[in-house]
Amino acid sequence: MKVSSEQVVDLLRAAGESTRLRVLALLAAEELSVLELCRILDQSQPRVSRHLKLLAEAGLVERFPDGAWVFYRLALKSPGRALVGQALDLIDIEDPAARADAEKLALVRAERTAGAQAYFARNAARWNEIRSLYVDEAEVEAAILQAAGEGPFDEMVDLGAGAGRMLTLFGSRANAALGLDLSQQMLNIARDEVAKAGLGQCELRHGDIFATGLPGGCADLVTVHQVLHYLGDPAAAVAEAARLVADGGLLLIADFAPHDHEFLREVHQHRRLGFEDAEIAAWIEDAGLVPGSNIALPPTSAEGLTVKIWTARRSATTSAERSAA
């Protein structure tokens with residue numbers, strides 16, 4: 001996208017300050033809350049908010065509220081995105097300020113991961129019970145099966161397998177299935193559930209949803225069930241999930257619509273309080289898939305949560321056609 005010379009000057013002016021450049025570098029790594037940025041930058045909230053306001057006005061970052069929190073990320077379709085990338089590429093990886101910020105970001109991530117792992121370890125044995133507090137699971141699972149279709153699926157991958165419910169749900173429709181999760185406690189429960197269901201074609205592995213290590217286009221069904229709201233960078237998880245989808249294959253995401261139940265963040269380690277349709281659609285399209293069905297399942301009680309099911313497909317092109325493009 002071409003811009004005027006005056007706009008270029010405005011973009012350079014917005015990015016051309018040390019703290020704001022540090023902010024851009026951090027947001028290039030993942031979306032962050034204002035409080036997390038304050039911790040990493042070791043600056044007051046008013047000061048950080050002022051820098052973020054200037055970056056947002058220049059169209060370099062996007063602000064989005066999520067319950068009582070506010071998050072920021074690099075603007076996906078900003079005319080200055082290429083300029084930001086070029087500026088960040090010039091920074092020496094040994095630069096002291098950049099290294100210090102990266103180390104503090106790693107600490108924030110580690111604390112977040114430790115909290116989530118401790119939560120999963122405490123609650124692994126009654127995971128399905130906890131999920132059922134908020135939504136009618138039978139209704140959700142029926143809608144998931146309908147959205148995915150009859151199959152059969154040659155290869156299924158479930159990212160963030162949890163207690164293995166997606167594997168057992170699709171077990172009879174998949175010739176081979178792989179579930180990945182970072183929690184060993186959850187994997188142990190999933191293995192038990194898969195064994196009880198007699199699903200010898202299902203495999204469980206310790207794996208990272210952001211870096212699965214699996215080959216691209218390896219699965220004709222990829223599921224991400226009630227995982228994104230725990231993640232610091234859900235867009236990156238969607239991109240990795242989409243990478244695994246084979247030509248003509250399906251990506252199925254189940255999560256919550258936006259809500260204001262802050263206790264889920266405080267008690268149950270939810271990082272995001274649901275997702276807007278437009279947000280999910282943008283991530284899907286950026287990952288090269290075509291959005292499909294969009295299903296909303298309202299709660300059965302006033303304090304319940306609306307579950308959303310989004311699907312997307314990869315166009316049935318051949319590998320040669322994709323390489324030529």
With the structure loaded, tell me whether Ser18 is touching a helix residue (DSSP H, G or I) at 6+ places or on another chain (Cβ under 9 Å) and touching a residue at least 12 places away in the same chain (Cβ under 8 Å) or whether it fails that test. yes
In the set Ala236, Ala278, Ala312, which member is outside the structural domain of Phe64 (by TED's automatic domain parsing) and touching a Leu at 6+ places or on another chain (Cβ under 6 Å)? Ala312
Applying the selection to the stretch 49-89, what residues are part of a loop (DSSP other than H, G, I, E, B), within 21 Å of Asp101 (Cβ to Cβ) and in contact (Cβ under 8 Å) with a residue 40 or more places away in the chain? Ala58, Leu60, Gly80
Within 27 Å of the chain's Cα centre (by Cα), within 27 Å of Val238 (Cβ to Cβ) and either surrounded by fewer than 20 Cβ atoms within 10 Å (Cβ to Cβ) or not assigned by TED's automatic domain parsing to the domain that holds Arg265 (or both): which single residue out of Glu57, Glu31 fits that description? Glu31
From Asp208, Asp255, Asp277, residue being touching a residue at least 40 places away in the same chain (Cβ under 8 Å) and within 20 Å of the chain's Cα centre (by Cα): Asp255
Looking only at the stretch 119-152, and only at residues there that are loosely packed, with under 13 Cβ neighbours inside 10 Å and not in a helix (DSSP H, G or I), the one that is modelled with the lowest pLDDT: Leu133
Does Val48 meet the test of being under 30 Å from Ala257 (Cβ atoms) and touching a Cys at 6+ places or on another chain (Cβ under 6 Å)? yes
Say whether the condition of being surrounded by fewer than 24 Cβ atoms within 10 Å (Cβ to Cβ), aliphatic (A, V, I, L, M) and modelled with pLDDT of 85 or more is met by at least one residue in the stretch 183-190. no
Do we have Leu228 as under 21 Å from Ser172 (Cα atoms), in contact (Cβ under 8 Å) with a residue 40 or more places away in the chain and surrounded by 22 or more Cβ atoms within 10 Å (Cβ to Cβ) here? no
Quick check, is Leu26 closer than 30 Å to Phe263 by Cβ, outside any strand (DSSP E or B) and among the hydrophobic types (A, V, I, L, M, F, W, C)? yes
Has the stretch 79-101 got at least one residue that is closer than 29 Å to Asp208 by Cβ, among the charged types (D, E, K, R), buried (at least 19 other Cβ atoms within 10 Å of the Cβ) and not assigned by TED's automatic domain parsing to the domain that holds Pro258? yes
Being more than 21 Å from Tyr230 (Cβ to Cβ), at pLDDT 80 or above and buried (at least 16 other Cβ atoms within 10 Å of the Cβ) narrows Arg313, Arg271 down to just Arg313
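The values are calculated or read from the model by the stated rules, or taken from the named source; none is laboratory data. Source: prediction; values computed, not measured. Using ideal geometry, Cβ is built from the backbone for each residue, glycine included, and neighbour counts are taken over all protein chains shown.
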